[in-house]
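Beneath this line is the structure, given in C-alpha cells, with notes to follow.
Please treat every number below as a calculation from the coordinates, not as lab data. Because the structure is a prediction, the values reported are computed rather than measured. A quick note on method: Cβ atoms are made from the backbone with ideal geometry, for glycine too, and the neighbour counts reach across all protein chains shown.
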Amino acid sequence: MPAVLNINKTTFKPGSSGSVKIDIADLPSGTKIDLPVHVFSSAKEGPVLLVCAGLHGDEVNGIEIVRRSLVKQFYDNLLCGSVVVMPLINIYGFINFSREVPDGKDVNRSFPGSKKGSLAAQVAYVLSKTIFPQIDYAIDFHTGGRSRYNYPQIRYTIDDERSKALAVAFGAPVMLGNHVIEKSFRQEAIKQGKSTIVFEGGESLRYDGFSIEVALQGIKNVMHHLNMIDLEQASDLIPSQNFVKSTWQRAESSGLFIWEKSSGLFVRQDELLGSIHDPHNNYQIDVKAARDGYILGHNNATVVNQGDALFHLAW
Ligand SMILES: [Zn+2]
C-alpha cells in the first residue's frame, strides 16, 4: 500500500501519527457529527492494518476493545507500516443504544454504500471509498445480539486463504469459516483485495471481560504476525478450534428459559442444554442438543418465544 495515507485531505507520511475527522450527516438537533479516525505510522514502510468497531452501535465489547487498544498504546512503537483505528463507526446507533442507524438500516448490510444514499449507505461509503483503498488488512470487531452471548471467536471467509491466515494468527479460542454476507463490510473489503477477519465476543450492551482480553491479545498477535511489533509470547499460542459449519438451535416452545450448558463447551447429541417452563409450572420442555457440536453462542434471555435462537452449535 502507498506509504502515505490520505484521509479527508490530511496526509500522514511515514512516521507521522494523528487523528482526523470525517464529516458525516449531522443529528436532527443540528449537532455536528464527524467520524474520528486515528492513524499511527512507523517511519519504515509496511502493511496498513485497519482496526475498527461499532458498525453496530450497541455492540459495546467491540468498541471497548478498540478503545482499550488505544489506552494501552498498542500502536505507538510500530516496527513498520501503519494502523488506522476507528473505535466507533455507527455514532447514530451508539447514542440510541441501537444496532442500526435511526431509520432502521444496518450499516453492515449497506456496503459499498453511496454518497447520496441512506444514512447507513453514507457511513458505509466512507469506509469503501476513503479507508479500504488505503489498507491491506482489516479486523472488524463485533459483539453478539441483545442477550445473545458469543464465545470470543474469529470469523473468516471460507475460501479466502489470506483471511484464514490472519484468523489463525489472531489466536481466539474459536475460528468459524463461513461465507460473506451480501453487502457487508467483509464482502466489500475482500472484494477490494483486503484480508479481513471479524471478531465476535459477548453480548450487546454488556461488557464481557473474557472477550475483551482475548481480543486485545488477538490484535497484538496479528500485528506480530505482520511484523509490526515484536511479541515474545506469540509462539506459545494455543491453536484455535476451527469450525466450518454452524446452526442455531431454536426454542420449540415459549416460556421461562434456563440454560444448563453455555458457550465454549462441546456437547453430544441429545445432551441436555436447558429447559423451558411456563410460569404456572404446567409444562417443562427439555432442550436437547440436536447434534454433536461446540456451543459458539447461547441466549441469556430469561423469557423466550417459540422460534427464538437458543444455542449456536458449530461442528
Ligand atoms: Zn455486529
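Qualifying chymotrypsin sites (Phe, Trp or Tyr not before Pro) in the stretch 4-103, where qualification requires a DSSP coil assignment and no more than 15 other C-beta atoms within 10 Å, comprise 97.
Helix content alone sets the calculated 222 nm mean residue ellipticity of the chain: runs of n ≥ 4 DSSP H residues at -39500 (n - 2.57) each, divided across all residues, give -5500 deg cm²/dmol. The overall shape of the stretch 98-167 is oblate: from the C-alpha gyration tensor, with semi-axes ordered a ≥ b ≥ c, the ratio a/c is 1.5 or greater and a/b is no larger than b/c. Each semi-axis of the equivalent ellipsoid for the stretch 28-140 is √(5λ) with λ an eigenvalue of the Cα gyration tensor; in descending order they amount to 26, 16, 11 Å.
Loop-located trypsin sites (Lys or Arg not before Pro) in the stretch 226-315 (DSSP state other than H, G, I, E, B) with a sparse environment of at most 11 neighbouring Cβ atoms within 10 Å: 268. For the cross-link pairs 44/164; 116/183; 9/115; 13/105, the ones whose C-alpha atoms lie over 28 Å apart are 13/105.
Between residue 13 and residue 161, the C-beta separation translates, for a Förster distance of 45 Å, into a calculated FRET efficiency of about 0.85. Sorted from longest to shortest, the spans of the Cα atoms of the chain along the three principal axes equal 68, 52, 33 Å. Dipole magnitude for the chain: computed about the Cα centre from +1 point charges on Lys and Arg Cβ and -1 point charges on Asp and Glu Cβ, it is near 860 debye. Please work out whether the stretch 64-212 counts as rounded, prolate or oblate from its C-alpha gyration tensor, where a ≥ b ≥ c are the square roots of the eigenvalues and a/c under 1.5 means rounded, while otherwise a/b larger than b/c means prolate and anything else oblate? Note, shape of the stretch 64-212 comes out rounded. Reported to the nearest whole Å, the Cα centre-to-centre distance from the stretch 184-199 to the stretch 82-149 is 13. Most tightly packed first, judged by the mean number of other beta-carbon atoms within 10 Å of their residues, the peptides 26-37, 56-67, 108-119 read 56-67, 108-119, 26-37.
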